[in-house]
Each structure stands twice: as C-alpha cells, then as structure tokens.
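Chemist: Shown below is the structure under consideration.
The values are calculated or read from the model by the stated rules, or taken from the named source; none is laboratory data. It should be emphasised that the depicted structure is a prediction, and the values quoted were computed from it without experimental measurement. In this analysis, Cβ positions are derived from the backbone assuming ideal geometry, glycine residues included, and neighbour counts consider all displayed protein chains.
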C-alpha cells in the first residue's frame, strides 16, 4: 500500500502507537487523551499545538486507511492503531517507524535508546537490520518506508527518516539535525532549563525567608 500521511496524521498515528506500549492501562485513548499526547512537550519533534478538530479529521482519514480503528465500547469513544497490520510490517519495524514519526530523524543508536519503553532491541545492529529492510522494501509492498540520510557535517553517524509523509528534503534533515557527536544535546538543554528554574525558585524562597525573619524579628539563616 502506497500512502502519504500529513504531519498531523503521522503525529496522531505515532501517538497511538506510543501510548499503546507506554500506558497500556489507559489504552485505547479518548479523543482528549490523544490530543494531549499529540501536543505534549517532551519526546516530540517538532512540537505541535493541535486542536480537537484537527485530530478528529486525522482520525477519520487514518480509519479510512485502516491504520486506526474506533472502539465504541464504554461511555466514550476510544481509538487504537492498527499500524503493524495496516503497513504490513513486523512489530520491530513498526516500533522504529513510530519513533521516527514522533521524534524526527535519528541515528540507529538514538533509536535503540529511545525505543527502550516500546521494545528492547538486542543491539544497534538489529536496529539497523530492520531499518535496512524498511529501506529496501519492494515496490509490490508499497516501496521504501525509511531512508538513510546523507551524513551531516561534523556528524559521526548517518541518521534515518521515515517516508510515510513523503520524501525527506535535505533542508528538512539539516534543520532538524541534532549533532551525533553530542547525542545528549537535547537532554543537556532540558537540564539547563530545569536548573535555571530551580535557581529562580531558590531565590524566591530566600527572599520569602528573609521577609518572614524580618517580620518576626529573627536573624536570617546563616547570620548570627
């Protein structure tokens, strides 16, 4: 089957794939839970701000493509993916496609690390093996579903991107590049942001303690 998903459709499908493995007790998802998952600020590249109408429209097309099905049991309608069957791929390949749709181009090493909660690959070579199968997929089966990008300047490893939303341009791969020489760059940025927030909170707490000590006629901590 040859298909081209919009970025929103890819985000909706991949979010369902993620939540099926990471929060099975809450799965299938309601429309509201799915919306929150699509718009979450962690483990997403790029970040999105979708509304219910956009997610509902994406669900309608994904249902028509037999990649998602509706579960009407219970008080509210819930949704679950059928990506593995709909795309005609192995479980491990579906996991890799889901991560590529959620987080953008990644190296095999990054994919192995990021799929830990979805599926535990034995080693990087097993990840590469499934990626190569997806890249060499025959036209009879719908053609390639991933592509190995050209090595970016300064990068040690090549990165992979999914083709479910059409060909990947060099501009797209370059602008979304996170240097392979520093795979923890995004984590470091997040840590730096948290540290700044903590420093602000500590400063505010110190000011509050100083004010209260002055009101009670006490010396601030650390002063005699």
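Chemist: Among the residues in region 6-13, are any in contact with a strand residue (DSSP E or B) (Cβ under 7 Å, 6 or more places away or on another chain) and either in contact (Cβ under 8 Å) with a residue 12 or more places away in the chain or in a helix (DSSP H, G or I) (or both)?
Modeler: Step one: filter region 6-13 for residues in contact with a strand residue (DSSP E or B) (Cβ under 7 Å, 6 or more places away or on another chain), giving 13.
With either in contact (Cβ under 8 Å) with a residue 12 or more places away in the chain or in a helix (DSSP H, G or I) (or both) added as a condition, the list becomes 13.
Yes, region 6-13 contains at least one residue that is in contact with a strand residue (DSSP E or B) (Cβ under 7 Å, 6 or more places away or on another chain) and either in contact (Cβ under 8 Å) with a residue 12 or more places away in the chain or in a helix (DSSP H, G or I) (or both).
Chemist: All but one of (1) within 30 Å of residue 128 (Cβ to Cβ); (2) assigned to a helix (DSSP H, G or I) hold for residue 61; which doesn't?
Modeler: Answer for residue 61: the failing condition is (1).
Chemist: What residue, of 72, 126, is over 17 Å from the mean Cα position of the chain (by Cα), free of Cβ contacts under 8 Å to residues at least 12 places away in the same chain and over 19 Å from residue 38 (Cβ atoms)? Before the answer, list the steps.
Modeler: Values: 126 fails: free of Cβ contacts under 8 Å to residues at least 12 places away in the same chain.
Sole residue among the options that is over 17 Å from the mean Cα position of the chain (by Cα), free of Cβ contacts under 8 Å to residues at least 12 places away in the same chain and over 19 Å from residue 38 (Cβ atoms): 72.
Chemist: Give me the residue from region 46-58 that is outside any helix (DSSP H, G or I) and free of Cβ contacts under 8 Å to residues at least 12 places away in the same chain and, out of that set, farthest from the chain's Cα centre (by Cα).
Modeler: Ranking the candidates gives 49 first.
Chemist: Would you confirm, using the coordinates I've provided, whether residue 76 is out of contact with any helix residue (DSSP H, G or I) (no Cβ under 7 Å at 6 or more places or on another chain) and either at pLDDT 95 or above or not in a helix (DSSP H, G or I) (or both)?
Modeler: yes
Chemist: Can you name every residue in region 64-73 that is in a loop (DSSP other than H, G, I, E, B) and modelled with pLDDT of 95 or more?
Modeler: 65, 66, 67
Chemist: Taking into account only those residues within region 89-116 that are assigned to a loop (DSSP other than H, G, I, E, B) and out of contact with any helix residue (DSSP H, G or I) (no Cβ under 6 Å at 6 or more places or on another chain), which is farthest from residue 129 (Cα to Cα)?
Modeler: Filtering first and then ranking leaves 104.
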